[in-house]
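Visitor: Could you have a look at this structure, given as structure tokens, before my questions?
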Amino acid sequence: MKSVKNISFTIIFIILMVILCLPFFQSFTNIFNIKPLSGQFDEVPAPEVSFENYRQGIMQKQLEKYISENYGFREWTIRCYNQYLWDFFKKENVEHVVIGKDGWLFYQHHVDDYYGREMFRWQENTDIAYNKYEREIRMMNKLRSILHEYGIEFLMFIAPDKAFVYPEYLPEQTYDTTTINARKYYVKRLTETGFPIIDMTEWFIQMRDTASFCIMPSKGAHWNFSCVYAVDSLLRFMEGLTGDELAHIKISNWRKATHFQNVERDIEESMNLLRRDPIGKKFATKEGDIEIIRTSKTKRPNVLFVGNSYLFQIQDYLPTEKIFSQIGHQYYHNIFYDGFGRIEYPLEEIDMLKKIMEADYVVFFLDGCQAYKTSYGFVENALQNLCLSKEYREQRRAFYVDSICHDDATLKRYAKDFPDMQERIQHIGSETYAQMDSDPESVFSELRVPFPTARNPRIQDILQHKNEIFQGSREQFIDSLVKATEEEIWHKPDLLNEIKKKAKAKSISLKQAVRDDAVWIVNDKINKELITFPQFSITTQTKKNEK
Amino acid sequence: MVFSSNIFLLFFLPIFLIAYFLSPKRIKNYTLLIFSLIFYAYGAPDFILFLIGECILNYFIVKLMSKSEKTVRKKLLCTLSIVLSLGMLLYFKYANFFMENLNAVLGCFHRPELGWAEVALPIGISFFTFQSITYTIDVYRKTTEASPKLSNYILYIVMFPQLIAGPIVRYNTVAEEIQNRESTMENRVVGFYRFVIGLSKKVLIANVLAQAADSIFALEYGNMSTATAWIGMLAYTMQIYFDFSGYSDMAIGLGMMMGFHFPENFMNPYTSTSISDFWRNWHITLGTFMKEYLYIPLGGNRKSVVRTYINLAIVFLCSGFWHGAAWNFILWGAFHGFFIILDRLFMLNILKKIGRIPSMLLTFFVVNLGWVLFRVEGVSPIADYFTTLFGFQGGETISLDAHFWFIFALAIVFSFLTVFKFGQKIQDLIFAEHYTTKRTWIMLVFVVILFILSVGALTVTDFNPFIYFRF
């Protein structure tokens, strides 16, 4: 009996030691594959080892922080603790998440928007907000009139806001009725000025009780399969504006939604729990098979989107390459996602004038909360880009900043905060630049008129190339597509990893494997008629003759 | 480094345990000593040499004392050793306080302030000073033999499980175990369980209560509602108990894993039926120290009644002052001393008459008021807090979530569980030194869950105060 007890204690002691030591070994070896945490985290640098830092306790603090951020199984222990908080207390450890009724989750800004508080996050008071929205609406109309000249349609699409569609699941809070709701204001004023706008919020509110499933995800921030309907509406709306015939979307074989659970549960995912909460029948979502219906007259437009993450779901749910010939997406974090592969570029690397002029439609695509931020500077930049040359803009801006920096009254105003003249001028300069970016009309008289007539000379160059004949043969065109696809693959680490495995399996070089994959992708697109061929300067026959 | 930190739990502790258990018996003490010095040097690089220096000096003074035949010489050396230890404590812990007050007095007489460079407080000085005093006095009283080896003495003082926050271990309690101890597998397992229970008391209970208590004590006392003031006081009462007793459990558990038997520091103090009883159950090792090394030498209750009260007052003022160099700690000590004297005068008789539960509740109420003195700094804020507590006023409140309320209720249940027989049974089962095989396996599941949750909590929240760390 005693020996059984001793064996038990020995086994338990070994188990305890293993549990205690595992995180230590995992920290250095990473032998177990642990699901990473969702969300954005600041990387903690390794401690700066020096005797002075050690004496002052700086190194110890850095080390503790570093260890806390990097020990083995960290993700798992955090998930365990979060699950404990969630299961026992319905408490989450994520910033900006609000727990609603019946297990619904919301982001704080959606709740604030519904209760009339969101405006204060972006504008100090209603007067400032009113002036900002009015200026934006004025500039949007100017931009629309300019783009219209070139056959480009500029429209606004507002994605449904979950808090407005299912407000009964929000926690009870008091309304602030003194503020301006940006979405409602834009819808009202843009409609009055004749600007094309489609607000899905109202449509979803009407649709929710007749739909056979919950049209907004209870655990997600964005939308679910219902976005497919929204895209169909958008396409019909676009058709109405231009008379183009665009693709139709047919949905069949409805079933319980199982794909894209990460999308439909993105708030829950951000809570980093061990397991997903079950969603009852009442809030279950559905999905179906999608078929894109096109005829020979169907046009696949090039669309430039300016908007937020609601667009990502559309790209997840729909084969957008069958609907559009090309898409670009100016995201609000000064990021540009190019093409269907969503290759990420910093915004400053993008030739936005070219992107605009190449587009058939420019769609300002956002939800109600984003409307407070206006257009993230897109409209202001586009107006300047379209009407003024870069050199002129730089010259004028420099002159403007220079005159302000040497204005005695301005210099005096900043003297207290910036006693050093050099620093003061620098500060005034950068503040003035920021002001000019948000209000270009104040600097450029050309933009102050209701319909600006000044044009950037580059537009003509871009337009010349827009409809130009491809200089080369069909084979060369396909080859250029393959090269572009290869380039795309090199920029996609996940896909590249897959190809690496294939290369290893086939015993070929990675370069060759990438090339093979690119050829396959392009051929597949050609077979599916996803590629529109331009006119070629060299036909295959001529090329052969030349040879 | 505190026990409730990821660096300790996931790096220091596993490395230490592997090194310790793999060391041959004859070098186990050296392994423990080296890790203890690393532990201290990590948190207090400037004081490690001071600590070792003080240990060496004190060791040789006491050694000389123990060998001395002459009583006068013995007394002189004993005094020298105590003065050395207390002198260091007075300088490092109280110099700033004395200078601040002296300058305040000078300011009242419009005299210029005296210049003074702030003195940094070495971590754990209050604890290791008391331990070195117990060693000196015990050897002087011949209660125990002087340590035969310097390394053993240093180990007694710097042993990391009890170095920073106690329990205050008397030398004779561990003298034998330092030289020769047995660490069975059962000791290791049960010790680890005790450690994890302490860790979860600290991290999963005390830290949650601390957040609420801190938020409430950060409010304007005059403007907060009476209900909020009561919640704040009760939350702090529970926080300090689970914080400190949790740390003691961790220390006792770590010691047990190595074969040491450290004395218990808490025995359900909130179920005490008088303030005298409270001090038999709260920070027991400090109470024992004060009794053995201050109250009895002052004469205890062997002289006149008045002298006994004076002795008690001195002991509790010192006890309060030991907790921190601030007036509120002195007030707290005086407050408890006052109730101890009341106990001697008539209170114990009254409490006996009213029965166990009412006397327990009354004692708990007095203890709670005492914690307000302990927590709030400054006489005027203390007065404001008491006014709000008994003002029955509305005012500022803070919203507290289900997590707080659940943990708060759990803390109260755990604090008073042993009032009932089944509670006592549960406690005996969990805190037993010997476990049945079945119970060991069941406990393993709980302990692993508690350990993972504690590490998760430490990672998720940066909030991890430890009240007794600064003492």
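Visitor: Show me the trypsin sites (Lys or Arg not before Pro) within region B:1-80 that DSSP assigns to loop and that have at most 11 other Cβ atoms within 10 Å of their Cβ.
Guide: On the way: sites: B:K25, B:R26, B:K28, B:K63, B:K67, B:K70, B:R73, B:K74, B:K75; in loops: B:K70.
Those that pass, being in a loop and sparsely packed, are B:K70.
Visitor: So what's region A:200-250 giving for Rg/Rh, alpha carbon basis, Kirkwood Rh from the mean inverse pair distance? If you can, show how the numbers build up before the last one.
Guide: Values: Rg = 12.6 Å, Rh = 12.2 Å.
Rg/Rh for region A:200-250 comes to 1.03.
Visitor: Which residues in region B:156-190 place their backbone N less than 20 Å from a point set 7 Å from the Cα of B:R26 along the Cα-to-Cβ direction?
Guide: Residues B:177-183 qualify, since their backbone N sits under 20 Å from the label point.
Visitor: If Lys and Arg each add +1 and Asp and Glu each add -1, what is the summed charge of the other residues whose beta carbon sits under 12 Å from the beta carbon of B:G232? Don't skip to the answer; put the middle values down first.
Guide: Working: positive: B:R375; negative: B:D214, B:E396.
Around B:G232, the charge tally is -1.
Visitor: Now for a different question. Say each of B:I310 and A:F88 gets a label point 7 Å from the Cα, pointing the same way as Cα to Cβ; how far apart are those two points in nm?
Guide: Going from the B:I310 label point to the A:F88 one covers 5.3 nm.
Visitor: Can I ask one more? Taking 60 Å as R0, compute the FRET efficiency from the Cβ-Cβ separation of A:E202 and A:Y66 and round it to 0.05.
Guide: Numbers: r = 51 Å, r/R0 = 0.84.
Efficiency at R0 = 60 Å is approximately 0.75.
Visitor: Could you tell me which of A:P47, A:Y107, A:F260 has its Cα farthest along the dipole of chain A towards the positive end, charges placed at Cβ (Lys, Arg +1; Asp, Glu -1), taken about the Cα centre?
Guide: Among A:P47, A:Y107, A:F260, the one farthest towards the positive end of the dipole of chain A is A:F260.
Visitor: Below 8 Å, C-alpha to C-alpha, sequence gap of six or more: please give me the relative contact order for chain A in percent.
Guide: On the way: 713 pairs, mean separation 68.6, N = 547.
Contact order relative to length: 13 percent.
Visitor: For the pair A:F28/A:S3, report the inter-label distance in nm, with labels modelled 7 Å from Cα in the Cβ direction.
Guide: Between A:F28 and A:S3, the label points sit 3.7 nm apart.
Visitor: Mind jotting down the distance between the C-alpha centroids of region A:323-389 and region B:14-40, whole Å?
Guide: 63 Å
Visitor: Follow-up. Would you please give the FRET efficiency between A:R276 and B:A104, computed as 1/(1 + (r/R0)^6) with r the Cβ-Cβ distance and R0 = 45 Å, to the nearest 0.05?
Guide: Numbers: r = 61 Å, r/R0 = 1.36.
After rounding to 0.05, the efficiency reads 0.15.
Visitor: Now a separate question. Which length gain, in nm to one decimal place, applies between A:Q422 and A:T210 when the Cα-Cα distance is subtracted from 0.36 nm times their residue separation? Intermediate values should be presented prior to the final figure.
Guide: Values: separation 212, 0.36 × 212 = 76.32 nm, distance 6.49 nm.
Once the chain is fully extended between A:Q422 and A:T210, it gains 69.8 nm.
Visitor: Could you work out how much longer the chain between A:M17 and A:K297 gets when fully extended? Use 0.36 nm per residue separation minus the Cα distance between them, nm to one decimal. Don't skip to the answer; put the middle values down first.
Guide: Values: separation 280, 0.36 × 280 = 100.80 nm, distance 7.12 nm.
So the extension gain works out to 93.7 nm.
Visitor: Once amide H atoms are placed 1.01 Å from N in the peptide plane, what residues at a sequence separation of 5 or more from A:S375, or on another chain, have their amide H within under 5 Å of its amide H?
Guide: Amide H to amide H, under 5 Å and 5 or more residues apart or across chains, A:S375 pairs with nothing.
Visitor: Right, next: Residue by residue, what Karplus-based ³J(HN,Hα) values in Hz, rounded to whole numbers, does region B:291-301 have, using 6.51, -1.76 and 1.60 with θ = phi - 60° and x for Gly and Pro?
Guide: Taking θ as phi minus 60°, the curve returns 5, 6, 10, 10, 5, 5, x, 6, x, x, 10 Hz for region B:291-301.
Visitor: Could you list which residues have their amide H under 5 Å from that of A:F364, counting only those 5 or more apart in sequence or on another chain, with H placed in the peptide plane?
Guide: A:L155, A:M156, A:F157, A:V306
Visitor: I've got another one for you. If each DSSP helix of 4+ residues adds -39,500 (n - 2.57) and the sum is divided by the residues in chain B, what number results at 222 nm, nearest 500 deg cm²/dmol? The partial results should precede the final answer.
Guide: Details: 22 runs with 316 residues, N = 471.
Helix contribution divided over all residues of chain B: -22000 deg cm²/dmol.
Visitor: Need one number: % antiparallel among DSSP beta bridges in the protein assembly as shown, to the nearest 5.
Guide: On the way: 18 of 40 bridges.
Here the antiparallel bridges make up roughly 45 percent for the protein assembly as shown.
Visitor: Pull up all non-local amide H partners of A:I249: gap of 5 or more, or a different chain, and H-to-H distance under 5 Å with H placed in the peptide plane.
Guide: A:I293
Visitor: Per residue of chain A, what 222 nm ellipticity follows from adding -39500 (n - 2.57) for every DSSP H run with n ≥ 4, rounded to the nearest 500?
Guide: The helix-only estimate for chain A comes to -15500 deg cm²/dmol at 222 nm.
Visitor: Enumerate the calculated ³J(HN,Hα) couplings along region B:435-440 in order (Karplus 6.51 cos²θ - 1.76 cosθ + 1.60, θ = phi - 60°), each rounded to whole Hz, writing x wherever the residue is Gly or Pro.
Guide: 10, 7, 4, 4, 5, 5
Visitor: Next question. If you plug each phi of region B:171-179 into the Karplus form 6.51 cos²θ - 1.76 cosθ + 1.60 with θ = phi - 60°, what whole-Hz ³J(HN,Hα) values come out, in order, with x for Gly and Pro?
Guide: Coupling constants for region B:171-179: 4, 5, 5, 10, 3, 5, 5, 5, 7 Hz.
Visitor: In debye to the nearest 20, how big a dipole does the protein assembly as shown give about its Cα centre with +1 on each Lys and Arg Cβ and -1 on each Asp and Glu Cβ?
Guide: Value, rounded to 20: 4600 debye.
Visitor: Count neighbours as other Cβ atoms within 10 Å of each site's Cβ, and list the trypsin sites (Lys or Arg not before Pro) in region B:269-323 that are DSSP loop with at most 15 such neighbours. Write down the numbers at each step before the final one.
Guide: On the way: sites: B:R280, B:K291, B:R302, B:K303, B:R307; in loops: B:R302, B:K303.
The qualifying sites are B:R302, B:K303.
Visitor: If each residue of separation counts as 0.36 nm, what is the full-extension length gain between A:E134 and A:K506 once their alpha-carbon separation is subtracted? Provide the component values of the computation, followed by the final result.
Guide: On the way: separation 372, 0.36 × 372 = 133.92 nm, distance 6.12 nm.
Value of the extension gain: 127.8 nm.
Visitor: With an 8 Å Cα cut-off and a minimum separation of 6 or more residues, compute the relative contact order for chain B in percent. Could you put the intermediate results ahead of the total?
Guide: On the way: 596 pairs, mean separation 90.1, N = 471.
Reported relative contact order: 19 percent.
Visitor: When the Cα centres of region B:373-409 and region A:164-196 are compared, how far apart do they sit, in Å?
Guide: 41 Å
Visitor: While we're looking at this one, here's another question. Please work out the C-alpha center-to-center distance from region B:43-84 to region B:119-181 and express it in whole Å.
Guide: 12 Å
Visitor: Here's a follow-up. Under a crude label model (7 Å from the Cα following the beta-carbon direction), how far is A:S325 from B:E264 in nanometres?
Guide: So the label points at A:S325 and B:E264 sit 8.5 nm apart.
Visitor: Could you pull out the longest piece of chain A with no exposed loop chymotrypsin sites (Phe, Trp or Tyr not before Pro) in it, calling a site exposed if DSSP puts it outside H, G, I, E, B and it has at most 11 other Cβ atoms within 10 Å? Each step should come with its number before you reach the end.
Guide: Numbers: sites that count: A:F32, A:F41, A:Y175.
Longest run free of exposed loop sites: A:176-547.
Read the figures in this text as sums done on the coordinates, not as results from a lab. Just so it is clear, the structure is predicted and the values come from calculations on it, not from any experiment. Methodologically, a virtual Cβ is constructed for each residue, glycine included, from the backbone with ideal geometry; neighbour enumeration extends over all protein chains shown.
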